[in-house]
Amino acid sequence: MSKTSALDLASGLGGKIRKEQVKSAVDQYENYHEIYGGEVESRTSNYADLANKYYDLVTSFCEYGWGESFHFGSRWQGETLRESLKRHEHFLALQLGLKKGMKVLDVGCGIGGPLREIARFSSASVTGLNNNAYQISRCKELNFSVGLSETCNFVKVVSVKDLAEDSPLPWYLPLDSQFSLNGFRLTRLGRFITHMLVKTLECLHVAPQGSLRVSSFLETAADGLVKGAKEGIFTPIFFVLARKPLDNQAEI
Ligand SMILES: C[S@@+](CC[C@H](N)C(=O)[O-])C[C@H]1O[C@@H](n2cnc3c(N)ncnc32)[C@H](O)[C@@H]1O
């Protein structure tokens with residue numbers, strides 16, 4: 001059964017955190033943030049703890065206030081929030097062409113609202129991927145209550161790794177070099193030459209009209225990637241390892 005009463009909110013608050021430790025978890029969660037004096041380094045190195053505390057602390061509020069599906073959707077006049085979210089989930093299932101016998105992975109499945117609706121609507125089997133043990137336990141309870149335990153299951157994220165961190169050379173180096181013999185076209189000079197070449201080819205009607213603008217927006221994207229990498233806010237190589245939670249273990 002969905003937990004929607006104020007008592008459910010209170011009893012679920014804190015997720016897998018023991019009740020007497022909720023207050024200190026809130027302190028720790030807040031202290032990760034800059035306005036409470038937290039440092040980027042600490043947020044980055046404790047990413048899993050930060051994310052888990054957040055979801056342990058907020059999930060029962062989301063379920064209480066928003067329902068089983070934690071997303072948004074377009075909404076028509078006269079349509080309830082719940083109806084609009086379900087319509088959005090049906091839309092996704094139709095766009096994906098889901099049918100009985102198909103298997104789908106729902107990455108970041110929350111407590112499984114969309115997963116259940118899509119599984120019932122399409123008869124496909126859906127596996128939910130999540131990093132939070134409390135949300136997975138709610139998924140399992142709710143799936144059981146609607147008879148979906150056999151068709152849908154869950155995997156829990158074991159580790160998330162930014163593979164770019166361990167790269168001996170920065171991954172963005174090809175886009176940031178002034179000069180390189182083996183990747184000249186990607187260097188700043190090489191890209192400038194390509195840009196001028198495309199401009200000329202477009203003027204001569206060899207390349208279609210609009211080619212230079214494509215070159216320009218790729219150039220903007222390349223600069224953005226390099227800047228994002230240098231500021232440590234973007235990585236292109238994210239590796240997620242997940243596995244089914246062991247039945248007798250709440251946490252992995
Ligand atoms: C906004 S909620 C959306 C949940 C669900 N898709 C829905 O619409 O109801 C985001 C979800 O992503 C999950 N999540 C966040 N970071 C994750 C990660 N690194 N690996 C797996 N799941 C993650 C959270 O636990 C949460 O369930």
Cβ contacts < 8 Å: first residue in contact (Cβ under 8 Å) with a residue 40 or more places away in the chain, restricted to segment 86-109; second residue more than 10 Å from the ligand (Cβ to nearest atom) and hydroxyl-bearing (Ser, Thr, Tyr), any location; separation 6+ or different chain. Result? none
Would you mind finding the one in SER137, SER180 that is more than 16 Å from the ligand (Cβ to nearest atom) and surrounded by 14 or more Cβ atoms within 10 Å (Cβ to Cβ)? SER180
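Yes/no per residue for (1) among the charged types (D, E, K, R); (2) more than 13 Å from the ligand (Cβ to nearest atom); (3) assigned by TED's automatic domain parsing to the domain that holds THR59:
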position: PHE72; (1), (2), (3): no, no, no
position: LYS86; (1), (2), (3): yes, no, no
position: LEU96; (1), (2), (3): no, yes, no
position: MET102; (1), (2), (3): no, yes, no
position: SER122; (1), (2), (3): no, yes, no
position: VAL126; (1), (2), (3): no, no, no
position: LEU129; (1), (2), (3): no, no, no
Hey, GLU202 hits all of (1) at pLDDT below 90; (2) surrounded by 12 or more Cβ atoms within 10 Å (Cβ to Cβ) but one; which does it fall short on? (1)
Based on what the data block shows, is THR187 at pLDDT 90 or above, surrounded by 13 or more Cβ atoms within 10 Å (Cβ to Cβ) and either in contact with a strand residue (DSSP E or B) (Cβ under 9 Å, 6 or more places away or on another chain) or among the polar types (S, T, N, Q) (or both)? no
Taking segment 219-240 and the residues there that are among the hydrophobic types (A, V, I, L, M, F, W, C) and surrounded by 14 or more Cβ atoms within 10 Å (Cβ to Cβ), the one that is nearest to ASP176 (Cα to Cα) would be VAL226
Residue under question is PHE238, and the condition is that it be over 22 Å from GLY128 (Cα atoms), within 16 Å of the ligand (Cβ to nearest atom) and not acidic (Asp, Glu); does it hold? no
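The values are calculated or read from the model by the stated rules, or taken from the named source; none is laboratory data. Since this is a predicted model, take the numbers as computed values, not measurements. Cβ: placed from backbone, ideal geometry, glycine included. Neighbour counts: every protein chain shown.
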